[in-house]
């Protein structure tokens, strides 16, 4: 996952809204969002290479999602798959902070978001810090929670404007925000250890590249009665729409 936007207690009818883009190599096999047969309380896409997921929700309304922290110097090839952390959080209705602090060194750097509208947390494995999100708007990309990266600021402002000006948030409008391919000026690019060319590619909310880019967008709306709407749209390396799934429970 590359970027997550969160609106927590920011809308009178929808206390939790999440907009997320998953960026990944296009050759990595993936299954679209579905209810998992062996864990039918779990709705998520599936990484068919390692067996985990990047974002999901369970039948109790708990949500979990993950972003990789981009720090090439810390990446090791023999680490466990970070996607299993999302599964652990969803299956167990959360994940213990002490467990994360103890076992996070077995994974490459990550941010793990989990919880619900009553208590939503983000664990930063590089800083070994658990933060509880406050009411309002937040963004998580490949650095720290609420870093001021151009795409994080751009997306947060657009989502905030839509949510505060609409009594019923429009999933199609939120999907359009998440397909913003605007790249940041070189002077505003973060320095995350990759080449300037890749910093440019990765500086947009929606990344289109034939090798690596945005594979899917997910929108999750949870209303104050506990109803969850989950929409996922998938893309190929040319930015073409490969299909959309909508769920409500």
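The values are calculated or read from the model by the stated rules, or taken from the named source; none is laboratory data. This one's a predicted model, so the numbers in the text were calculated from it and none came from an experiment. Quick reminder, even Gly has a Cβ in these numbers, built from the backbone with ideal geometry, and neighbours come from all protein chains shown.
Quick notes on this structure:
- Of note, residue 72 does not satisfy the criterion of being without any contact (Cβ under 8 Å) to a residue 60 or more places away in the chain and farther than 24 Å from residue 169 by Cα.
- Qualifying residue in segment 171-183 (condition: at pLDDT below 95 and surrounded by 16 or more Cβ atoms within 10 Å (Cβ to Cβ)): no
- Taking segment 106-128 as the range and being within 22 Å of residue 141 (Cβ to Cβ) and exposed (fewer than 14 other Cβ atoms within 10 Å of the Cβ) as the test, the residues that pass are 127, 128.
- Qualifying residue in segment 48-64 (condition: farther than 25 Å from residue 176 by Cβ, modelled with pLDDT of 95 or more and under 12 Å from the mean Cα position of the chain (by Cα)): yes
- Residues satisfying the stated conditions in segment 62-93, i.e. in contact with a strand residue (DSSP E or B) (Cβ under 6 Å, 6 or more places away or on another chain) and within 18 Å of residue 16 (Cβ to Cβ): 63, 64, 65, 66, 67, 86, 89, 90
- When residue 224 is tested against (1) out of contact with any helix residue (DSSP H, G or I) (no Cβ under 7 Å at 6 or more places or on another chain); (2) surrounded by 15 or more Cβ atoms within 10 Å (Cβ to Cβ), just one condition goes unmet, and that condition is (2).
- Some residue of segment 84-99 being at pLDDT 95 or above, within 25 Å of residue 209 (Cβ to Cβ) and not in a strand (DSSP E or B): yes
- Scope segment 236-245; condition part of a strand (DSSP E or B), under 19 Å from residue 173 (Cβ atoms) and in contact (Cβ under 8 Å) with a residue 24 or more places away in the chain; matching residues: 245
- Any hit, segment 25-42, residues being modelled with pLDDT of 95 or more and under 19 Å from residue 141 (Cβ atoms): yes
- Remark: pairs (first residue in segment 184-195, closer than 14 Å to residue 207 by Cβ; second residue loosely packed, with under 13 Cβ neighbours inside 10 Å and modelled with pLDDT under 95; Cβ separation under 7 Å; 6+ apart in sequence or on different chains) = 194/72.
- Counting only residues that are in a loop (DSSP other than H, G, I, E, B) and more than 14 Å from the chain's Cα centre (by Cα), segment 1-47 holds 17 of them.
- Residue tally, condition closer than 21 Å to residue 120 by Cα and either over 19 Å from the mean Cα position of the chain (by Cα) or surrounded by fewer than 20 Cβ atoms within 10 Å (Cβ to Cβ) (or both), over segment 69-94: 6
- Residues located in segment 164-177, provided they are in contact (Cβ under 8 Å) with a residue 60 or more places away in the chain and touching a helix residue (DSSP H, G or I) at 6+ places or on another chain (Cβ under 6 Å): 169, 177
- Pair list, Cβ < 7 Å and 6+ apart or interchain, from segment 135-163 residues that are touching a residue at least 12 places away in the same chain (Cβ under 8 Å) to residues that are surrounded by fewer than 18 Cβ atoms within 10 Å (Cβ to Cβ) and assigned to a helix (DSSP H, G or I): 137/160; 150/188; 162/173
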